[in-house]
Amino acid sequence: MSLNTFGHLFRVTTWGESHGPALGATVDGCPPGVPVDEAGLQHWLDRRRPGQSKHTTQRKEPDAVRILSGVFEGQTTGTPVQLMIENTDQRSRDYGEIARTFRPGHADITYHLKYGLRDYRGGGRSSARETAARVAAGGLARAALAALAPGLEIKGYMTRMGEMEIDRARFDWDAIEGNDFWMPDPQALPEWETYLQSIRKAQNSVGAEIEVVARGAPPGLGAPVYGKLDTDLAAAMMSINAVKGVEIGEGMAAAGLTGTENADEIVMGAQGPEYTTNHAGGVLGGISTGQDIVVRFAVKPTSSILTPRRSITTDGTATEVVTKGRHDPCVGIRAVPVGEAMMACVILDHLLLHRGQVGDGPQGRIG
């Protein structure tokens, strides 16, 4: 039984480990005739690549993607697309001391209890290194979306890092790409940098909250009950390493609203229905409304820290663990491109499902 695949029609299977020779993705169900090349996919991988700033892990991986199949003369053929990324900067020796020790907060102990063995070198399959394959697949999904839904834009950004939180009154969509934190609040950047450096110097780590928005998505994506768009979005985001919570639209904050506050009123605009607010996050009854699709997820603090933590060994002996190696003091920074990739894959998958069931465009007409 393989549980390394997600998607219904646009299906992505990731493979490989953090310290193996390579990792990658096999993508099946991509429509034929989509213009794509390695340089186009590399653009998205470069946004996730480690070692690009002082705020992320200093592991130096080029994350160079290779297309091994499914593309001919610059276009997808409709057959499986095989994407491969070689690992070139593994330092497995950093993990020798934990071969028989469980790191608190990591999947070491659960992998051991389930399988009876584990790849202790960087966490193996449980490592966030696996997400490079998702970003490569997300690049392919973006290429297909550019052909099928031109005008659709997907962008992620950090809204919170530990004690730091953006001021939404200063929200600047165009500033997101211009800083290391993917922040829409550039005025807060110096304070965030100082805060994260203090966390690093204390040999600690910190969690974060990331928001991903899809603008220009057509209405009608998703299906009732078990085929909901937000169901698949939540599952996709929850599958990302270190994610411990997912929200759509208002999310948990909806519990504190009244019905009159939460209901997005509908008015008739020049181009069709318009909504006065977007508490629903662009999804009603599991089906997209045509508004911005808004997903938010929280990542826990990196568990690999230099501060000693109590644990046990495989024979049950008590011990203390200090995790050596090169790690992100805040995984939220590099989780932004991953969240974008998962959004792209899910939306393309539902766009293909929608076309397969009812054809192009919404079937209902208003006005």
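When segment 18-36 is examined, which residues are found to be more than 18 Å from the chain's Cα centre (by Cα) and either part of a strand (DSSP E or B) or charged (D, E, K, R) (or both)? Working first, answer last.
First, pick out the residues of segment 18-36 that are more than 18 Å from the chain's Cα centre (by Cα): 19-22, 28-36.
Once the filter is applied, which keeps residues that are more than 18 Å from the chain's Cα centre (by Cα) and either part of a strand (DSSP E or B) or charged (D, E, K, R) (or both), segment 18-36 yields ALA22, ASP28, PRO35.
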Open item on the list: Report every pair of residues separated by at least 6 positions or lying on different chains whose Cβ atoms are under 9 Å apart, first residue within segment 176-189 and farther than 11 Å from GLY156 by Cβ, second basic (Lys, Arg).
Closed with: ASP180/LYS54; ASP185/ARG168; ASP185/ARG170; PRO186/ARG170; GLN187/ARG170; ALA188/ARG170
Task: Hits in segment 246-279 - residues which are out of contact with any helix residue (DSSP H, G or I) (no Cβ under 9 Å at 6 or more places or on another chain) and closer than 24 Å to ILE210 by Cα - done: GLY251, MET252, ALA253, ALA255, GLY256, LEU257, ASP264, ASN278
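Quick check on my filter: what residues within segment 105-127 are touching a strand residue (DSSP E or B) at 6+ places or on another chain (Cβ under 9 Å) and modelled with pLDDT of 90 or more?
Let us first name the residues in segment 105-127 that are touching a strand residue (DSSP E or B) at 6+ places or on another chain (Cβ under 9 Å), namely 105, 108-109, 120, 125.
Residues satisfying the conditions are ASP108, ILE109.
Being in contact (Cβ under 8 Å) with a residue 12 or more places away in the chain and either surrounded by fewer than 16 Cβ atoms within 10 Å (Cβ to Cβ) or among the hydroxyl-bearing types (Ser, Thr, Tyr) (or both) narrows it down to one residue among ASP360, ASP315; which is it?
Values: ASP360 fails: in contact (Cβ under 8 Å) with a residue 12 or more places away in the chain.
Only one candidate passes the filter, namely ASP315.
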TODO: Evaluate segment 158-181: report whether one residue or more is open to solvent by less than 10 Å² (accessible area, probe 1.4 Å) and hydroxyl-bearing (Ser, Thr, Tyr).
DONE: yes
- [ ] For segment 217-249, name all the residues that are on the phi > 0 side of the Ramachandran plot, open to solvent by less than 40 Å² (accessible area, probe 1.4 Å) and out of contact with any Asp or Glu (no Cβ under 8 Å at 6 or more places or on another chain).
- [x] GLY220, ALA242, GLY249
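If you go through segment 318-336, how many residues are more than 25 Å from MET164 (Cα to Cα), in contact (Cβ under 8 Å) with a residue 12 or more places away in the chain and surrounded by fewer than 21 Cβ atoms within 10 Å (Cβ to Cβ)? Working first, answer last.
Step one: filter segment 318-336 for residues more than 25 Å from MET164 (Cα to Cα), giving 318-325.
Next, only the ones that are in contact (Cβ under 8 Å) with a residue 12 or more places away in the chain stay: 319-325.
Filter once more, keeping what is surrounded by fewer than 21 Cβ atoms within 10 Å (Cβ to Cβ): 319-320, 322, 324-325.
Qualifying residue count for the region: 5.
Residue by residue, here is whether (1) on the phi < 0 side of the Ramachandran plot; (2) surrounded by 24 or more Cβ atoms within 10 Å (Cβ to Cβ); (3) outside any loop (DSSP other than H, G, I, E, B) holds:
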{"position": "THR307", "(1), (2), (3)": "yes, no, no"}
{"position": "SER311", "(1), (2), (3)": "yes, no, yes"}
{"position": "VAL338", "(1), (2), (3)": "yes, yes, yes"}
{"position": "ARG355", "(1), (2), (3)": "yes, no, yes"}
Open item on the list: If LEU145 meets every condition in (1) under 24 Å from ILE293 (Cβ atoms); (2) hydrophobic (A, V, I, L, M, F, W, C); (3) open to solvent by 40 Å² or more (accessible area, probe 1.4 Å) apart from one, which number is that one?
Closed with: (3)
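How many of the residues in segment 276-289 are within 28 Å of the chain's Cα centre (by Cα) and on the phi < 0 side of the Ramachandran plot? Can you show your working first?
From segment 276-289, those within 28 Å of the chain's Cα centre (by Cα) are 277-289; that's our starting set.
If we keep only those that are on the phi < 0 side of the Ramachandran plot as well, we get 277-280, 283-284, 287-289.
The total comes to 9.
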Open item on the list: Condition first: of a type outside the set (A, V, I, L, M), in a helix (DSSP H, G or I) and either out of contact with any Lys or Arg (no Cβ under 6 Å at 6 or more places or on another chain) or crowded, with 20+ Cβ neighbours inside 10 Å (or both). Can you find one or more residues in segment 201-216 that meet it?
Closed with: yes
Open item on the list: For segment 104-125, give me each residue that is under 18 Å from PRO21 (Cβ atoms), open to solvent by less than 40 Å² (accessible area, probe 1.4 Å) and assigned to a helix (DSSP H, G or I).
Closed with: GLY124
TODO: Would you mention how many residues in segment 290-313 are more than 20 Å from the chain's Cα centre (by Cα) and basic (Lys, Arg)?
DONE: 2
Task: Residues satisfying the stated conditions in segment 257-302, i.e. surrounded by 13 or more Cβ atoms within 10 Å (Cβ to Cβ), at pLDDT 95 or above and either polar (S, T, N, Q) or in a helix (DSSP H, G or I) (or both) - done: ASN262, THR277, ASN278, SER288, THR289, GLN291
TODO: Quickly run through segment 6-64 and pick out the residues that are at pLDDT below 95, open to solvent by 50 Å² or more (accessible area, probe 1.4 Å) and of a type in the set (Asp, Glu).
DONE: GLU17, ASP46
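The values are calculated or read from the model by the stated rules, or taken from the named source; none is laboratory data. Computed from a predicted model, the values in this text were never measured in an experiment. Don't worry about glycine lacking a Cβ; one is built from the backbone with ideal geometry, like all the others, and counts go over all protein chains shown. All accessible areas refer to the heavy atoms of the entire protein, side chains included, with ligands and DNA or RNA removed. Shrake-Rupley method; radii C 1.70, N 1.55, O 1.52, S 1.80 Å.
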